[in-house]
Amino acid sequence: MLRSLRTIIASSKTRSSTNQPRRSGSSGSGGITRTGRRLGDRDKFFREAKAEGYVARSAFKLKEIQDKHKIIPPGGTVLDLGCHPGAWLQVACQSLGPKPKGGLVLGIDLQETEAPKQYCDDRVRIIQADATTLPLSFWDEHAPGGFHCVLSDMCHWTMGNSSDAFKSLQLARTAFIIAIGADSNSGDSGGVLKSGGNLVMKILQGEGTQEFAAELKVEFEKVAWVRPSATRKESKEVFLLGLKRRKKGIVDSC
């Protein structure tokens, strides 16, 4: 499966310069995003999130991606990297379908996070940890067969300059490495993502994003970009999707 995630990620040329990944654009108590922006009742999605019981407006971003691409199968297993404050946990659990269908949503975040009471049930588990330091035994214990879907809405605190895109790309690559096991050029095709599984990563558009998307084409049958309607107009945020992970050793020659 994976070698030590710490070893793999440390060897990546684009490893993050900080060990404090943060979710950007998620509004929690008081309508303040993780980047410090204050949202109010004039924000349509903030109002709708409150009305529908979601802990952040970012729920609507994942809902739109799920509606379009069916990334989470009924009764599937889902890994949510950077799960705080829990809006994506809510949507992921909903997407599993009724409880008798089974499934698992495993959320990991550096911050202490509680599963929201609405939409989450006991299929949701949360671990406070740095995902890059977790041993192989952790993944074998929580999802021995791997995950059908890996989600990453991780983002650093943004500064409003060119470093934002660079840092977001580093975090997206971290999620990519966790999902597939290593950089696609290294020959290690392990990872926690099942064959046929899907990967969703937040990225701030900038230098290197198109090249990164090209790397995904080696590992996935289809690569797609999504800019959900809940994204703020001024934001450079997009979501890069790797759909239907290829079986090990199978690469489309086209």
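The values are calculated or read from the model by the stated rules, or taken from the named source; none is laboratory data. Everything quoted here is computed from the prediction, not taken from an experiment. Ideal geometry is used to build each Cβ from the backbone, glycine not excepted, and the neighbour counts take in all protein chains shown.
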* Name every residue in segment 108-138 that is touching a residue at least 60 places away in the same chain (Cβ under 8 Å), assigned to a loop (DSSP other than H, G, I, E, B) and among the hydroxyl-bearing types (S, T, Y), in order of residue number. => Y119
* Asked: Is it the case that some residue within segment 59-80 is among the small types (G, A, S), at pLDDT 95 or above and within 20 Å of T231 (Cβ to Cβ)?
  -> yes
* Filter result for the condition that a residue is crowded, with 23+ Cβ neighbours inside 10 Å and either hydrophobic (A, V, I, L, M, F, W, C) or on the phi < 0 side of the Ramachandran plot (or both), over S137, S58 -> S58
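Please go through segment 61-90 and give me each residue that is assigned to a helix (DSSP H, G or I) and more than 22 Å from Q111 (Cβ to Cβ), ordered by number.
K63, E64, I65, Q66, D67, K68, H69
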* Structure fact -> Contact list, first residue from segment 202-218 and over 24 Å from S58 (Cα atoms), second anywhere and at pLDDT below 95, beta-carbon distance below 7 Å, six or more apart or interchain, is E207/A165; G208/L169; E215/S184; V218/S184; V218/V251
* Structure fact -> Residue set K63, K70; condition of a type in the set (D, E, K, R), surrounded by fewer than 24 Cβ atoms within 10 Å (Cβ to Cβ) and on the phi > 0 side of the Ramachandran plot; output residue K70
* To do: Would you mind stating whether Q128 is under 16 Å from the mean Cα position of the chain (by Cα), among the polar types (S, T, N, Q), at pLDDT 95 or above and more than 28 Å from R246 (Cβ to Cβ)?
  => yes
* Asked: How many residues does segment 141-192 hold that are over 12 Å from the mean Cα position of the chain (by Cα), in a loop (DSSP other than H, G, I, E, B) and modelled with pLDDT of 90 or more?
  -> 5
* Criterion: of a type outside the set (K, R) and touching a Lys or Arg at 6+ places or on another chain (Cβ under 8 Å) - qualifying residue of D121, D130 -> D121
* Residue count for segment 96-112, restricted to those that are surrounded by fewer than 22 Cβ atoms within 10 Å (Cβ to Cβ) and under 16 Å from the mean Cα position of the chain (by Cα) -> 3
